[in-house]
Amino acid sequence: MRDAPRRRRWVRRCAGTPRSGSLPQIGIITAAALACSILPAHADTISIDGTTRTFAARLPDTKPAALVIVLHGKTQSGADMMSRTSWPAVAKRERFAVVFPDGLNRAWADLRPDEERAGDGPPKSTDDVAFIAQLIRKFIDDGAADPKRVYVTGVSNGGAMTMTLLCKRPELFAAAASVIMNLTNESARACRPSRPVPLLMMNGTTDPLVPYQGGRGTSSFAVDGFWSTDKTLAFWRRVNGCDAKDAATAELEDRDRSDRSTVTRIDSRCPVGRDIVLYRVNGGGHRMPGGFADARFTRLADNILGPQNHDIDGAETIWAFFKRFP
């Protein structure tokens, strides 16, 4: 595969400043996150049915390692997930491989039909399930990834793609995490998983695009047809053979009182190794919680997408969940 020098500039586009009042473990990762320009990164391409697909990765020295696939939201790219989340810093500290694929047209071909999407999606013939599956196979064949420790997570459209992968190729993953996304009638109807996979969900109660209560969000960019978070949670509990009722609810510490939000963790009664966990971000918007800004223009993002919670860090929380399931 040929190298792509232009794409190496991704890791030099670090943006985001630490938020005051962030939780202690975020303090551990902040210095590394701000210094991501010096992180070693591998950028490359792969061909899927004659279409060139792009991705970037950070690989540890120790191999094979756990592998986390991080899927961006719509209108974003893998570069955004590298520079505006703590995933590169967490991967460096915890010594796992992290891969940031790019969706065609900055979008993913999840199970939703066009009428359940906001704006344009990828080209009609796009097979992102095949793309991610081949990407995983590449790192396993290269000896970089442990096939028993492959995980996937995504935000927004990337969260829908994460659920799509659990519906279509669950055998590839040890665990998964979906952020700021719910199912729809069509995506649920098309979802027939062949096996259960532990799943973490993380949704905001004031999300203007993917409403926590379902239906259509308050944003002018929103589309109708989303299930509520409770209904989506119940769907995955059934898939994993869990009890329909909550097992336990815990209010997490409000570490940053200025962010206008708090976090509640809701556990499920599930068979061993089939855990379903929801992090409900009370007052949170269409944002992944984190210790530094997830957007270049934070005030504009607050107005359009709602508040970003700083009590927890999304990548840290998701990785803590993932590493329980080797």
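The values are calculated or read from the model by the stated rules, or taken from the named source; none is laboratory data. These numbers were taken from a predicted model, which means no experiment stands behind them. Every residue, glycine among them, receives a Cβ derived from its backbone with ideal geometry; neighbour counts consider all protein chains shown.
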Q. For the range 97-120, which residues satisfy the criterion of being farther than 20 Å from residue 211 by Cβ and touching a Phe, Trp or Tyr at 6+ places or on another chain (Cβ under 8 Å)?
A. 97, 98, 99, 100, 101, 102
Q) Taking the range 126-159 as the search range and keeping residues that are hydrophobic (A, V, I, L, M, F, W, C) and within 18 Å of residue 194 (Cα to Cα), which one is surrounded by the fewest Cβ atoms within 10 Å (Cβ to Cβ)? A) 130
Q) If you take just the helices (runs of 4 or more DSSP H) that sit entirely in the range 216-326, which of them hold at least 1 residues that are more than 15 Å from residue 201 (Cβ to Cβ)? A) 298-305, 314-322
Q. Taking into account only those residues within the range 79-101 that are surrounded by fewer than 23 Cβ atoms within 10 Å (Cβ to Cβ) and within 21 Å of residue 139 (Cβ to Cβ), which is nearest to the chain's Cα centre (by Cα)?
A. 79
Q.
Go through the range 255-309 and report how many residues are more than 27 Å from residue 239 (Cα to Cα), surrounded by fewer than 17 Cβ atoms within 10 Å (Cβ to Cβ) and modelled with pLDDT of 95 or more.
A. 1
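Could you say whether any residue in the range 25-32 is part of a loop (DSSP other than H, G, I, E, B) and either closer than 18 Å to residue 316 by Cβ or at pLDDT below 50 (or both)? If you could, list the steps in order and put the result at the bottom.
Going residue by residue through the range 25-32, those that are part of a loop (DSSP other than H, G, I, E, B) are none.
Within the range 25-32, none of the residues are part of a loop (DSSP other than H, G, I, E, B) and either closer than 18 Å to residue 316 by Cβ or at pLDDT below 50 (or both).
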Q.
Please pick out the residue among 312, 304, 276 that is touching a residue at least 24 places away in the same chain (Cβ under 8 Å) and within 17 Å of residue 86 (Cβ to Cβ).
A. 312
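So is residue 208 in contact (Cβ under 8 Å) with a residue 60 or more places away in the chain and surrounded by fewer than 21 Cβ atoms within 10 Å (Cβ to Cβ) or not?
On the way: in contact (Cβ under 8 Å) with a residue 60 or more places away in the chain: yes; surrounded by fewer than 21 Cβ atoms within 10 Å (Cβ to Cβ): yes.
Taking the combined requirement at face value, the residue satisfies it.
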Q. Does any residue in the range 175-191 that is polar (S, T, N, Q) come within less than 6 Å, Cβ to Cβ, of a residue that is in a strand (DSSP E or B) six or more places away or on a different chain, and which pairs are these?
A. 178/201; 182/226; 184/226
Q: Could you look through the range 101-157, keep only residues that are in a helix (DSSP H, G or I) and aromatic (Phe, Trp, Tyr), and pick out the one that is farthest from residue 325 (Cα to Cα)?
A: 131
Q: Being farther than 17 Å from residue 73 by Cα and either touching a Phe, Trp or Tyr at 6+ places or on another chain (Cβ under 8 Å) or among the hydrophobic types (A, V, I, L, M, F, W, C) (or both) is the filter here, so list the residues in the range 298-317 that pass it.
A: 300, 312, 317
Q: Considering every residue within the range 144-152, establish whether at least one is closer than 15 Å to residue 48 by Cβ and either acidic (Asp, Glu) or free of Cβ contacts under 8 Å to residues at least 12 places away in the same chain (or both).
A: no
